[in-house]
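Presented below is the structure to which this report refers.
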2 protein chains.
Amino acid sequence: MRASFTREDADTRRQALIEATAESLAAAGVAGTSVRAICTRAGVSPGLLRHYFEGIDALIAETYRHVTAMVSQSLALAVDGAGRDPRARLIAHVTASFRPPVSDPALLSTWLAFWSLVKTDPAIAAIHADSYAASRRDLEALLAENGLSAARAIPAAIALTALVDGLWLELTLDATTFTPEEASAMAVRWLDTLLGDPKI
Amino acid sequence: MRASFTREDADTRRQALIEATAESLAAAGVAGTSVRAICTRAGVSPGLLRHYFEGIDALIAETYRHVTAMVSQSLALAVDGAGRDPRARLIAHVTASFRPPVSDPALLSTWLAFWSLVKTDPAIAAIHADSYAASRRDLEALLAENGLSAARAIPAAIALTALVDGLWLELTLDATTFTPEEASAMAVRWLDTLLGDPKI
DNA sequence: TCCCTTGTTATACACGTGTATAGTAACGGG
DNA sequence: CCCGTTACTATACACGTGTATAACAAGGGA
């Protein structure tokens, strides 16, 4: 007997497949993420993947785009919600990195899977370069709002990103060693150092 | 015709297989690292892998152990070579993270592959936990040498590790945005902040 | 020099992979 | 109500995977 099904809107199905891919990458890693694994998770037959995407590689790339957009949007939303004070906006950006939905074990797993692909798959590398450049541009703008010249904002953005990424990684890999509040406090301290005396 | 071969010492062959695995992970990622890929790279027939290891998963785990030991040894060597001055030893530890053989594109690729496995493979997770605990213990000892109490050394180790990891990641992912010297300078500045006024 | 141990190769097998193709049923327009 | 479009399922295929097994030859000890 042929399985019954309902026809869905194209966007709905694409979204479901993208989310199933993210979940699969988080739960089973790159190795365990196959066409059949994704489609089972999405409640759909394997053949449907090729109806909406050029292949599994294209779907994974699309999922990466989706995840980076979500993170960047979360940070932008936090900054916007912080009002007009430049320092408050910068702190909001940093703090949001250590709170859901950005700091989330499943997201970290997915993210690590993508990082491992950056060095291997050129398409993923291109998406990574774009997303990374955009996020650094945003951060440099926030630092400029706080009175840093362009010459100082560039290295400061690198330094701040590095600490935030490192803390995010540690926090999400093992949430028992310290808390989001401690992470925020550390980042703010680093921020004050970078905004202060221009030693670098 | 059967291919000619030479019998090698067990340690030599194991080492060759481990290094081939690391190279394959760096070049082709987790997905491209198969029994045949590893053995071809090691100049050996596929069957030999099972003669020296329980399977490909065990070989990958062994490779992870090998790589983490190499990094930890490199850092320890740098610290030892810095003499007795506590501050110089701490700076040596940090600086070595941004220089070969620790900062090396191939090593980063391998490392990212392992990180993606930490969330998936329990055996890899166990090795990661061990290695991570050991490295933090070392760093806390160096911080204690520099006059930090245990209560302050623990968060300081987390904060310093986070920045060093983040800078190491950025530097090795894309070596054009800043230099190892700049990375070291940033880390030393953070170090001075952490060793100074106990705001955290 | 021969033989015996065993490191090494070669082959086979069952299974999982991504994708191509054909067939079917869901749903909207007439 | 029926009919056409097409989203969707089911099946098939060639290939790559990890591992088990058997055959072989390299190299040392007698």
Original post:
Which condition does A:ARG137 not pass, out of (1) charged (D, E, K, R); (2) more than 19 Å from A:LEU173 (Cβ to Cβ); (3) within 14 Å of the chain's Cα centre (by Cα), if it passes all the others?
Top reply: (3)
**OP:** Report the residue count in the range B:82-100 for those that are touching a Ser or Thr at 6+ places or on another chain (Cβ under 6 Å) and open to solvent by 50 Å² or more (accessible area, probe 1.4 Å).
**Re:** 0
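Hey, could you check the range B:118-130 for residues that are touching a residue at least 24 places away in the same chain (Cβ under 8 Å) and either in contact with a helix residue (DSSP H, G or I) (Cβ under 6 Å, 6 or more places away or on another chain) or more than 8 Å from chain A (Cβ to nearest Cβ) (or both) and say which is nearest to B:GLY166 (Cα to Cα)? Outline the logic, then answer.
First, the residues of the range B:118-130 that are touching a residue at least 24 places away in the same chain (Cβ under 8 Å): B:121, B:123-124, B:127-128.
Okay, now just the ones that are also either in contact with a helix residue (DSSP H, G or I) (Cβ under 6 Å, 6 or more places away or on another chain) or more than 8 Å from chain A (Cβ to nearest Cβ) (or both), so B:123-124, B:127-128.
On the way: B:ALA123: 25, B:ILE124: 21, B:ILE127: 21, B:HIS128: 17 Å.
Here the answer is B:HIS128.
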**OP:** Filter the range A:173-200 down to residues that are among the small types (Gly, Ala, Ser), assigned to a helix (DSSP H, G or I) and open to solvent by 40 Å² or more (accessible area, probe 1.4 Å), then give me how many there are.
**Re:** 1
Subject >> Residues satisfying the stated conditions in the range B:147-172, i.e. at the interface with chain A (Cβ under 7 Å from one of its Cβ atoms) and either closer than 24 Å to A:ARG137 by Cβ or open to solvent by 50 Å² or more (accessible area, probe 1.4 Å) (or both) >> reply: B:ALA162, B:LEU163, B:ASP165, B:GLY166, B:LEU167, B:LEU169, B:GLU170
Original post:
more than 9 Å from every other protein chain (Cβ to nearest Cβ) and open to solvent by 10 Å² or more (accessible area, probe 1.4 Å): does that describe B:ALA144?
Top reply: yes
**OP:** Return the pairs, sorted by first residue and then second, in which the second residue is within 14 Å of DNA strand C (Cβ to nearest atom) and among the aliphatic types (A, V, I, L, M), the first residue lies in the range B:22-39 and is within 8 Å of chain A (Cβ to nearest Cβ) and farther than 12 Å from B:THR63 by Cα, the beta carbons are less than 8 Å apart, and the residues are 6+ apart or on different chains.
**Re:** B:GLY29/A:VAL30; B:GLY29/A:LEU117; B:VAL30/A:VAL30; B:VAL30/A:ALA31; B:ALA31/A:VAL30; B:ALA31/A:ALA31
Original post:
Where residues in the range A:8-17 are of a type outside the set (Lys, Arg) and surrounded by fewer than 22 Cβ atoms within 10 Å (Cβ to Cβ), which of them is nearest to DNA strand C (Cβ to nearest atom)?
Top reply: A:GLU8
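Taking the options B:SER135, B:SER116, name whichever one is surrounded by 19 or more Cβ atoms within 10 Å (Cβ to Cβ) and part of a helix (DSSP H, G or I).
Of the residues listed, the single one that is surrounded by 19 or more Cβ atoms within 10 Å (Cβ to Cβ) and part of a helix (DSSP H, G or I) is B:SER116.
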Original post:
Which of the residues that make up the range B:1-22 are within 15 Å of DNA strand D (Cβ to nearest atom) and among the acidic types (Asp, Glu)?
Top reply: B:GLU8, B:ASP9
Original post:
Can you tell me which residue in the range A:58-78 is nearest to DNA strand D (Cβ to nearest atom), limited to those that are closer than 18 Å to A:ASP121 by Cβ and surrounded by fewer than 17 Cβ atoms within 10 Å (Cβ to Cβ)?
Top reply: A:ALA58
**OP:** Quick one: which residue in A:THR177, A:THR193 is of a type in the set (Val, Ile, Thr) and within 19 Å of B:MET186 (Cβ to Cβ)?
**Re:** A:THR193
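Does A:GLY81 qualify as being more than 23 Å from A:ALA126 (Cα to Cα), within 16 Å of DNA strand C (Cβ to nearest atom) and of a type outside the set (Asp, Glu)? First the steps, then the outcome.
Values: more than 23 Å from A:ALA126 (Cα to Cα): yes; within 16 Å of DNA strand C (Cβ to nearest atom): no; of a type outside the set (Asp, Glu): yes.
In short, no.
In the range B:31-52, what residues are outside any helix (DSSP H, G or I) and either modelled with pLDDT under 95 or near DNA strand D (Cβ under 8 Å from one of its atoms) (or both)? Give the steps one after another, and end with the answer.
Taking the range B:31-52 and keeping what is outside any helix (DSSP H, G or I), we get B:31-34, B:42-45.
Listed by number, the residues that qualify are B:ALA31, B:GLY32, B:THR33, B:SER34.
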Original post:
Of all the residues that make up the range B:58-78, how many are under 20 Å from B:ALA144 (Cα atoms) and either within 16 Å of DNA strand C (Cβ to nearest atom) or touching a residue at least 24 places away in the same chain (Cβ under 8 Å) (or both)?
Top reply: 3
Subject >> B:ALA26 vs. criteria near DNA strand D (Cβ under 9 Å from one of its atoms), surrounded by 13 or more Cβ atoms within 10 Å (Cβ to Cβ), of a type in the set (A, V, I, L, M) and in a helix (DSSP H, G or I) >> reply: no
**OP:** List every residue pair whose Cβ atoms lie under 8 Å apart, where the two residues are 6 or more positions apart in sequence or sit on different chains, the first residue falls within the range B:100-117 and is within 9 Å of chain A (Cβ to nearest Cβ), and the second residue, located anywhere, is polar (S, T, N, Q) and assigned to a loop (DSSP other than H, G, I, E, B).
**Re:** B:SER109/A:THR120; B:ALA113/B:THR33
**OP:** Look at A:SER34 and say whether it is within 13 Å of DNA strand C (Cβ to nearest atom), more than 30 Å from A:GLY147 (Cβ to Cβ) and surrounded by fewer than 16 Cβ atoms within 10 Å (Cβ to Cβ).
**Re:** yes
Subject >> Residue that is farthest from B:ALA123 (Cα to Cα) [pool: residues in the range B:40-57 that are away from DNA strand C (no atom under 12 Å from the Cβ) and free of Cβ contacts under 8 Å to residues at least 24 places away in the same chain] >> reply: B:ARG41
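The values are calculated or read from the model by the stated rules, or taken from the named source; none is laboratory data. What you see is a predicted model; the values in this text were computed from it and never measured. No Cβ is skipped: glycine too gets one built from the backbone with ideal geometry, and neighbour counts run over all protein chains shown. Calculation scope for accessible area: heavy atoms of the full protein, side chains included, ligands and nucleic acids excluded. Shrake-Rupley method; radii C 1.70, N 1.55, O 1.52, S 1.80 Å.
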